[in-house]
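This is the structure I have questions about; it appears just below.
The values are calculated or read from the model by the stated rules, or taken from the named source; none is laboratory data. Keep in mind that what you see is a predicted model, and the values were worked out from it rather than measured. As a convention, Cβ positions derive from the backbone with ideal geometry for all residues, glycine included, and neighbour counts pool all protein chains shown. Each accessible area value is taken on the protein alone, full model and side chains, heavy atoms only, with ligands, DNA and RNA left out. Shrake-Rupley method; radii C 1.70, N 1.55, O 1.52, S 1.80 Å.
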Amino acid sequence: MKNVRLLLLLLLMSNCTTDTPEVQETPDDLNYQTLSCIDDLPQIKFTNNGTDSFDFAIYGQDYSQLHSQTLSMSEQTDWLELSNSEVIVVASNNIVYGQKMELTLLPCDIIEIEIDVDNELILSGI
């Protein structure tokens, strides 16, 4: 009789879940790109929402220039794929010189960097 009770208790415990339906994630809720990414190169996109044009540059860990581009107000770049994992992003113009951000990138990272309305370099999306 003890074995039957123990068996029923074990069956009851194995059938119970602690997650509520609101907490459970479905595949439809997950980002499709995250699900399909397997060691893809990291990507960066620049957006200039500032009041002036800015020169954007990406440097590798060895200070080699990987990309550079000038963006006028309200312009953005395409997605840029980077093979380096350690990069320095620099934004400057005649008024604001050399704002920089150091990033450690992992495969499948998708990062948006912008100059905000106060002309400051920020990380706006990951």
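Say we look at region 73-113 and pick out the residues that are in a strand (DSSP E or B) and of a type in the set (Gly, Ala, Ser); which of these is least open to solvent (accessible area, probe 1.4 Å)?
Applying the filter and picking the extreme gives ALA91.
What is the residue count in region 59-93 for residues that are of a type outside the set (A, V, I, L, M, F, W, C) and in contact (Cβ under 8 Å) with a residue 40 or more places away in the chain?
4
Give the residues of region 44-68 that are more than 11 Å from VAL90 (Cα to Cα) and either in contact with a Lys or Arg (Cβ under 7 Å, 6 or more places away or on another chain) or among the polar types (S, T, N, Q) (or both), sorted by residue number.
THR47, ASN48, ASN49, THR51, SER53, GLN61, SER64
Yes/no matrix, rows are residues, columns are (1) of a type outside the set (S, T, N, Q); (2) at pLDDT below 95:
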position: CYS37; (1), (2): yes, yes
position: ASP40; (1), (2): yes, yes
position: LYS45; (1), (2): yes, no
position: ASN48; (1), (2): no, no
position: TYR59; (1), (2): yes, no
position: ASP62; (1), (2): yes, yes
position: THR70; (1), (2): no, no
position: SER74; (1), (2): no, yes
